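The values are calculated or read from the model by the stated rules, or taken from the named source; none is laboratory data. All values reported here derive from a predicted model rather than from experimental measurement. In this analysis, Cβ positions are derived from the backbone assuming ideal geometry, glycine residues included, and neighbour counts consider all displayed protein chains. Calculation scope for accessible area: heavy atoms of the full protein, side chains included, ligands and nucleic acids excluded. Shrake-Rupley method; radii C 1.70, N 1.55, O 1.52, S 1.80 Å.
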Amino acid sequence: MKDTIKQLEAQSRFLELDFNQREAIIRQVSDYSQSYLENIARASTYTMPDHIKDFNQVANIAENGIPMEQILALLSEHVDNVGINVASGRYVAYIPGGGLFPSSLGDYLAGIANRYAGWFDAGPGAVQVENALIRWMASEIGYPAQASGNLTSGGSIANLIAIITARDTHQISGDNIPKSVIYVTSQAHHCIDKALHVSGLQACIKRLIVVDSAQRMDAVALENAIQADKQAGLNPFLVIGNGGTTNTGSVDPLSDIGEIAHAHDCWFHVDGAYGGLFMLCPEGHEALRGIDTSDSLVIDPHKTLFLPYGLGTVLVRDRQKQIAAFRASADYMQDILDDDSELSPNDLSPELTKHFRGLRLWLPLKLFGVHPFRAALSEKIHLARYFYEQMQSADGFELGTYPDLSVVTYRYCPKRGSADEFNQRLMQSIQQEGRVFISSTRVDGKFVLRAAILSFRTHLDEIDEVITVLKRHAQALEQTS
Ligand SMILES: *Cc1c(COP(=O)(O)O)cnc(C)c1O
């Protein structure tokens with residue numbers, strides 16, 4: 001028996017690297033990261049993978065390992081330099097991704113010590129870091145200090161947690177599901193539908209409240225709809241506002257909506273995954289007035305605090321409601337004390353074991369302080385306004401509504417032929433070229449182009465380049481069509 005164990009030990013010890021081995025691969029990973037980041041200002045925003053045939057080398061998980069050098073070469077060729085480069089400052093499509101460098105080091109350090117960030121008693125420091133971040137975000141938003149929250153993998157899961165909390169608070173289950181009503185607009189993010197499905201609420205009545213010409217919820221229509229539903233004997237319980245839509249960056253009239261929702265005893269949820277954290281700068285604070293009247297709120301540091309993907313946040317005004325929706329226990333957890341001096345993530349989300357994801361936000365905040373984040377967010381709003389004004393005076397371009405935050409919609413009006421088709425070709429030729437990356441959407445049924453400005457790497461030079469590229473491609477297409 002012991003011989004067998006010793007033999008196995010000799011093999012399993014390969015899993016622990018010694019000091020020199022660690023030193024060698026840390027150096028290789030560091031060199032790789034440095035050269036990647038040194039090149040990012042020049043790198044293409046889009047690269048077609050032309051070597052899919054060789055992907056076997058990446059996909060093959062073999063009995064024996066290969067050297068780090070080869071692994072990094074595979075990563076570079078097959079992963080890090082193909083597809084859309086969301087970390088580029090010239091990427092202004094969809095919602096831009098971030099990638100603050102210290103945040104990746106936060107992930108690294110969280111993995112090294114692997115503190116347990118699920119229960120306060122197990123990893124008191126780790127849980128306190130996450131709770132401190134939640135309290136900081138709550139105070140920036142204007143939530144009470146007693147609010148609870150959870151650091152999630154992203155905005156979709158954060159919305160799910162909020163909706164489940166609203167569901168349980170209003171005791172929406174069984175027979176009352178089909179007569180309970182949820183109020184949204186056509187501009188709600190599609191993860192809201194997913195959350196309703198996952199939480200068993202898809203059989204609720206979903207009222208699409210009309211929007212104005214700037215895609216903002218019409219508060220009067222909301223009030224009328226709730227009253228009509230009450231008179232019809234239905235159960236209005238949830239109003240979902242947008243703190244910046246993904247589509248056009250529009251902010252619903254949150255103060256008015258909050259007042260109406262509360263007057264009718266409805267839960268008021270705000271999806272601020274894209275826009276909520278603009279509360280850090282004065283222009284955003286102004287645009288998002290009333291966001292602090294919500295009962296729950298989603299914000300996404302992996303969008304609006306420029307982090308690499310993997311961090312969303314849900315805040316809930318009344319912590320007891322979130323605990324009631326998510327606290328559970330089991331015999332094998334009996335040693336865990338219920339110490340309510342600090343909330344534990346496990347009592348506030350569906351997760352048990354979780355990544356210590358707070359470190360990826362805490363490290364950059366400690367290192368930089370909040371100040372440069374406020375400036376960067378203010379800068380993005382000003383860049384969107386600048387882009388709007390420049391494009392307004394550019395020949396042949398037509399602009400959507402003036403931006404509430406940092407998304408601008410626009411399109412080219414060709415002299416001949418279909419505008420929808422022209423703009424689609426315009427977008428495709430720009431994407432293929434790879435200098436800048438833009439995307440499109442539909443507003444009132446029309447095909448329009450979007451510029452979403454949210455990367456910490458996007459500054460005036462990058463926006464000027466987007467404008468130059470747009471004008472150049474539009475002219476070239478106009479001449480050939
Ligand atoms: C991005 C986004 C979501 C979804 O968040 P993920 O982090 O992508 O899961 C939800 N709502 C809005 C308004 C968004 O922009």
Between Leu17 and Gln475, the FRET efficiency computed from the C-beta separation at R0 = 56 Å comes out, to the nearest 0.05, as 0.45
Under a 1.4 Å probe, counting only protein heavy atoms, Ile240 has an accessible area in Å², nearest 10, of 0 Å²
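Between Ala24 and Asn60, how high is the FRET efficiency from 1/(1 + (r/R0)^6) when r is the Cβ-Cβ distance and R₀ = 30 Å? Nearest 0.05.
Working: r = 24 Å, r/R0 = 0.79.
It comes out at approximately 0.80.
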Put Met391, Met427 in order of accessible area, largest first, probe 1.4 Å, and you get Met427, Met391
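Under unit Cβ charges (Lys, Arg +1; Asp, Glu -1), what dipole magnitude, rounded to 20 debye, does the range 201-326 have relative to its Cα centre?
380 debye
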Taking alpha-carbon centroids only, the range 12-57 lies from the range 238-299 a number of Å equal to 41 Å
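What order do Thr409, Thr4 take when sorted by accessible area (1.4 Å probe), most exposed first? Walk me through the numbers on the way to the answer.
On the way: Thr409 15, Thr4 75 Å².
The residues order as Thr4, Thr409, largest area first.
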Surpassing 30 Å at the alpha-carbon level, of the pairs Lys303/Lys471; Lys206/Lys446; Lys303/Lys446; Lys194/Lys366, are Lys194/Lys366
The simple spin-label model distance between Ser429 and Tyr94, using points 7 Å out along Cα→Cβ, in nm, is 2.5 nm
Sites removed, the longest contiguous part of the chain containing no DSSP-loop GluC sites (Glu not before Pro) with at most 14 other Cβ within 10 Å is 64-341
Accessible-area order for Val443, Val92, largest to smallest, probe 1.4 angstrom, reads Val443, Val92
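Assuming R0 = 56 Å, what is the FRET efficiency of Gln7 and Glu38, from their Cβ-Cβ distance, to the nearest 0.05? Walk me through the numbers on the way to the answer.
Details: r = 47 Å, r/R0 = 0.83.
Rounded to the nearest 0.05, the efficiency is 0.75.
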Taking alpha-carbon centroids only, the range 362-390 lies from the range 78-110 a number of Å equal to 17 Å
